[in-house]
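The values are calculated or read from the model by the stated rules, or taken from the named source; none is laboratory data. Predicted model, so just to flag it, every value in this text is computed and none were measured. Cβ atoms come from the backbone with ideal geometry, glycine included; neighbour counts cover every protein chain shown.
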Amino acid sequence: MLSSVYRLIGGGFRLVAGHCVRLLRLVRCSARDVLVVAPASPGSIGDEAMLHALCSALYRKELRPVVGVASEGDSYKTIGVHDTYPLYRYHSLGSISDRLRLVLSLTRFRAVYLIGADCMDGFYSEYDSLRRLQIAGLASVSGASAVITGFSFNAQPTPQIVAEMAGQPEGVTLYARDKESLNRLHFHGITRARLVADLAFLLEAGITEAHTQAAVDWSRERRCSGRTVIGVNISFIHTLSSDVYSPQRIVDCSTQLIEAVAAKFPLTSFILIPHDVRGEHSDAALLQRVYERVSAYDVFMYPPPLHACDIKALAAHLDMGLTGRMHFAIACLGSGVPVFCLEYQDKFSGLLGFFGLESEALPAATAFKSEVLAEKCMNMLERLPEVAAQVTLHLDEVKQLSRRNMEGLR
């Protein structure tokens with residue numbers, strides 16, 4: 001599909017369209033405007049972490065990020081971005097005229113950054129992944145620097161995704177956010193992809209809510225009294241990749257985990273930290289059900305509203321994290337805090353590999369078997385100083401890899 005688009009735009013229309021694009025870019029292009037395409041509409045704390053980190057990096061370079069809005073009415077003012085661009089006007093990109101309209105419109109931008117995350121391999125939606133690749137390709141045709149920031153690539157991408165990614169113009173920069181994703185891309189012949197770390201490692205912590213300060217104070221008090229504080233995050237996301245797990249099973253297993261850890265390590269406290277509030281089975285909803293069953297223990301329920309910078313600030317006051325969410329894990333690791341992960345989509349081993357901690361994750365098939373999970377978590381608890389030292393040893397190198405996401409900017 002994309003290759004035919006480039007042939008149509010750069011072939012039969014090469015002289016006319018090419019001259020038009022160059023002239024328009026000379027007249028319209030702002031040296032400061034950078035279009036940033038978010039992974040989805042607002043709502044995901046992980047997406048917010050990456051978006052906030054990228055926009056802050058652009059501001060530091062004296063550039064002006066403009067967020068591409070997927071749905072009319074979407075707002076990103078909460079992270080300080082007030083300029084938006086109506087990508088929703090280009091829904092289909094199915095006709096030559098639509099594609100040319102977008103190419104000409106993109107001549108305004110010095111660069112186009114698409115936040116890659118976990119939406120480039122077609123797992124959630126092949127259509128959305130293909131559309132993002134199409135936007136990247138057309139941005140390159142417009143003369144802009146086109147960058148797909150660090151993304152995961154699972155072990156079973158769809159054939160059409162592989163073909164479209166391999167067919168991207170040379171002007172599109174592809175960044176894989178872990179070595180396993182990079183190896184998978186290379187296996188499929190996409191050899192020009194480069195290694196980075198996730199953008200969210202660059203997110204700056206900040207407390208914007210009173211309940212975040214309350215949670216920080218609660219944790220600081222426990223730790224000063226000699227207790228160990230574990231941040232617990234659970235997610236329905238594992239039900240998407242396994243028929244074995246239901247929201248009830250996830251709640252049951254998490255409850256049993258807290259009971260088992262508290263029994264063996266009585267000086268342990270827990271903060272239940274949601275990372276998403278959307279839907280009937282959101283993190284917040286599942287953790288509230290857990291809290292109702294473990295409130296007799298030393299447990300703090302961290303409530304919404306949620307902000308990525310607040311969660312990173314809170315993560316810095318933990319001794320250990322437990323999560324099935326990529327970006328809660330990154331909030332912990334980016335703060336020098338060990339984290340035990342519940343695998344999904346083959347993602348966490350690549351992330352943990354940066355720190356030499358590949359073994360600190362449970363495969364999806366056993367992630368919510370309570371006895372296995374409790375054993376693994378307690379094993380990490382017994383080795384916390386050693387694991388924390390390992391995280392600290394590699395953190396600067398990982399942050400430097402994260403900064404490479406900005407190198408595609410010409």
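Filtered by the rule that a residue be closer than 30 Å to Met50 by Cβ and in contact with a Lys or Arg (Cβ under 7 Å, 6 or more places away or on another chain), the stretch 363-403 gives a lone residue, Phe368.
Mind telling me which of the residues Leu381, Leu322 ends up being in contact (Cβ under 8 Å) with a residue 12 or more places away in the chain and over 20 Å from the mean Cα position of the chain (by Cα)? Talk me through it step by step, then tell me what you get.
On the way: Leu322 fails: over 20 Å from the mean Cα position of the chain (by Cα).
None of the others qualify; the one that does is Leu381.
Cβ-Cβ distances below 9 Å connect the following pairs, each with a first residue in the stretch 355-366 that is in contact (Cβ under 8 Å) with a residue 60 or more places away in the chain, a second residue that is in a helix (DSSP H, G or I) and not basic (Lys, Arg), and a separation of six or more residues or different chains: Ala364/His238; Ala364/Ser241. Among the residues of the stretch 251-280, those identified as of a type outside the set (D, E, K, R) and modelled with pLDDT under 90 are Val277, Gly279. Within the stretch 282-294, residues that are without any contact (Cβ under 8 Å) to a residue 40 or more places away in the chain sit with their Cβ atoms under 6 Å from residues that are aliphatic (A, V, I, L, M), at 6+ positions apart or across chains, in these pairs: Ala284/Val277; Arg289/Val251; Tyr291/Leu272; Tyr291/Met301; Val294/Ile258.
One line per residue, one yes/no per condition, for (1) in the same structural domain as Val34 (by TED's automatic domain parsing); (2) assigned to a helix (DSSP H, G or I); (3) charged (D, E, K, R); (4) touching a residue at least 12 places away in the same chain (Cβ under 8 Å):
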| position | (1), (2), (3), (4) |
| --- | --- |
| Leu106 | yes, yes, no, yes |
| Met120 | yes, no, no, yes |
| Arg131 | yes, yes, yes, yes |
| Ile135 | yes, yes, no, yes |
| Val147 | yes, no, no, yes |
| Pro157 | yes, no, no, yes |
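Among the residues making up the stretch 355-405, a single one is polar (S, T, N, Q), closer than 16 Å to Leu322 by Cβ and at pLDDT 95 or above: Asn379.
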